[in-house]
Amino acid sequence: MVVPFGQPHFGDEEIEAVTAVLRSGWVGMGPQTLQFETELEAWLDVPRVVTVSSCTGALFLALLSHGIGPGDEVICPSLTWCSTANAALYLGATPVFCDVDRASFCVTPETILARVTHRTKAVIVVHYGGLAVDVATLRRALPPHIVLIEDAAHALGARTPDGARVGASGNLVCFSFYANKNISTGEGGAIALADPDAANHLASLRQHALTTNAWRRYSHPESSVGQMKLHELGFKLNYTDLQAAIGRVQLRRQAEFAAHRLAIARFYLDELAKKGGFKCQTGLGGLDHAHHLFVTVLPDSALRRKSRDDIMRRVRNRGIGLSVHYVPLHRMPLYHTGVCLPVTEELADRIVTLPIGAAMTMDDARQSLDALFDEIA
């Protein structure tokens, strides 16, 4: 039996939504995209959402819009996907890696402040696995000139300690709709924010920074004649109506997806507790964790007999999509860093990520655990 690590959960409604867009004759960014943004704004309870082509693009535009560039440092955790750090490199800035907390696997004010220098211009917080970081406390701890950006690729649906959804902080909050995310449109991302002027600027930057877009020119030809102007360098990072049509259906199904992920997470937690020796991320099984990932630290007893990578190979050879999130970025040759991050390094060779997702069955979850338990025996 094959259990993929992450698989989107699409049904007839998503297929029908895409078919309707194809039949409409307009597949680029247009009315479906604008409606999806409006629905996300209401769902997140935020003033504005700007969709883009990926969460990587969202992080890039978030830093760009704050003037981050050469000579600036951007602090982020090393325990993250490369997009978090690469967004700084694209602009000529320097990613500076910080450690994480042993229980939450997330950054804390202390781990970030330990890396602040006079060159620090921004911090990118990662809501790792779907656990919301307390960004309000972090904001109070940071010097006011440092920009706070949230990488919420894992965290759609998570809630912060004050009960608000991740995205409603007033920071620039970047989401992902990649294939394995909590709602998926295949690819795509979005930026949630409070400032309407900043949102309008981001909406322009995603389409070459033109003063009018293709849908406006198509739908209002009489008002767009001679209106296209270009005042700054923009980029091709827009979303499409094909994706948005899927996203609108997926957003309506989010509560269903979240409940199923929660059930799988609680099943895993119960079974791992019975087995003993496993350590799991704080917040797993709670109502406010998005449960994008289920990450656990393998028992000492298992790691004395086999390496984590050997265990992974054996489980994956049985058709189970066991994974690792992540190989720490500060160990990657690209970043040329010799920093020591003791907690990240301690976790790095011990963590595994069990399959979790709305398309899985509980039998898939049982098969995944059985394979893992067999290989650590």
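The values are calculated or read from the model by the stated rules, or taken from the named source; none is laboratory data. This structure is a prediction, so every number in the text was calculated from the model and none was measured. As a convention, Cβ positions derive from the backbone with ideal geometry for all residues, glycine included, and neighbour counts pool all protein chains shown.
Within the stretch 134-191, the set of residues being at positive phi and in contact with a His (Cβ under 9 Å, 6 or more places away or on another chain) comprises G157 only.
Give the stretch 338-377 a look and list any residue that's among the small types (G, A, S), in contact (Cβ under 8 Å) with a residue 12 or more places away in the chain and either closer than 20 Å to D310 by Cα or in contact with a Leu (Cβ under 9 Å, 6 or more places away or on another chain) (or both), or say none.
Result: A348, A365, S368, A371.
A153 meets all of the listed conditions (1) surrounded by fewer than 23 Cβ atoms within 10 Å (Cβ to Cβ); (2) touching a Phe, Trp or Tyr at 6+ places or on another chain (Cβ under 9 Å) but one, namely (1). Scanning the stretch 224-255 for residues that are assigned to a helix (DSSP H, G or I) and more than 17 Å from A158 (Cβ to Cβ) gives S224, D241, L242, Q243, A244, A245, I246, G247, R248, V249, R252. Put simply, of T160, T120, T108 the only residue that is modelled with pLDDT under 95, crowded, with 16+ Cβ neighbours inside 10 Å and more than 27 Å from H231 (Cβ to Cβ) is T160. For the stretch 212-227, the count of residues that are at pLDDT 95 or above and surrounded by fewer than 23 Cβ atoms within 10 Å (Cβ to Cβ) is zero.
Selection of the stretch 89-138 for residues being among the polar types (S, T, N, Q) and within 22 Å of F175 (Cα to Cα) yields S104, T108, T137. Selection of strands (runs of 3 or more DSSP E) fully inside the stretch 77-154 by the criterion of at least 3 residues being touching a strand residue (DSSP E or B) at 6+ places or on another chain (Cβ under 7 Å) and farther than 26 Å from T353 by Cβ returns 120-126.
Residues are listed down the side, and each one gets a yes or a no for (1) assigned to a helix (DSSP H, G or I); (2) modelled with pLDDT under 95; (3) outside the structural domain of T185 (by TED's automatic domain parsing); (4) not polar (S, T, N, Q):
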{"position": "Q7", "(1), (2), (3), (4)": "no, yes, yes, no"}
{"position": "A20", "(1), (2), (3), (4)": "yes, no, no, yes"}
{"position": "R23", "(1), (2), (3), (4)": "yes, no, no, yes"}
{"position": "Q32", "(1), (2), (3), (4)": "yes, no, no, no"}
{"position": "T38", "(1), (2), (3), (4)": "yes, no, no, no"}
{"position": "A42", "(1), (2), (3), (4)": "yes, no, no, yes"}
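When you look at A62, is it surrounded by 15 or more Cβ atoms within 10 Å (Cβ to Cβ), among the small types (G, A, S), outside the structural domain of L322 (by TED's automatic domain parsing) and in contact with a strand residue (DSSP E or B) (Cβ under 6 Å, 6 or more places away or on another chain), yes or no? Yes, satisfied. As a summary of the residue check, V46 satisfies the conditions (1) surrounded by 24 or more Cβ atoms within 10 Å (Cβ to Cβ); (2) over 21 Å from I112 (Cα atoms); (3) not acidic (D, E) except for the one numbered (1).
Inspect all residues belonging to the stretch 224-243 and state whether any of them is β-branched (V, I, T) and not assigned by TED's automatic domain parsing to the domain that holds A153. Within the stretch 224-243, not a single residue is β-branched (V, I, T) and not assigned by TED's automatic domain parsing to the domain that holds A153. Among the criteria (1) assigned to a helix (DSSP H, G or I); (2) at pLDDT below 95, the one L269 does not fulfil is (2). Inside the stretch 69-88, residues that are farther than 16 Å from V125 by Cα and touching a Leu at 6+ places or on another chain (Cβ under 6 Å) make up a count of 1. Scanning the stretch 161-190 for residues that are of a type in the set (S, T, N, Q), without any contact (Cβ under 8 Å) to a residue 60 or more places away in the chain and out of contact with any helix residue (DSSP H, G or I) (no Cβ under 6 Å at 6 or more places or on another chain) yields a single hit, N171. Give the residues of the stretch 252-271 that are among the small types (G, A, S) and surrounded by fewer than 19 Cβ atoms within 10 Å (Cβ to Cβ), sorted by residue number. Scanning the stretch 252-271 gives A255, A259, A263. I need every pair where a residue in the stretch 311-329 that is among the small types (G, A, S) has its Cβ under 7 Å from the Cβ of a residue that is not in a strand (DSSP E or B), sequence separation at least 6 or different chains. As it stands, the answer is G319/M1; G319/V2; G321/P4; G321/F5; G321/P355; S323/F5, since those pairs meet every condition given.
Given V249, V315, V297, which one is buried (at least 16 other Cβ atoms within 10 Å of the Cβ) and within 27 Å of G57 (Cα to Cα)? Testing whether each residue is buried (at least 16 other Cβ atoms within 10 Å of the Cβ) and within 27 Å of G57 (Cα to Cα) leaves just V249.
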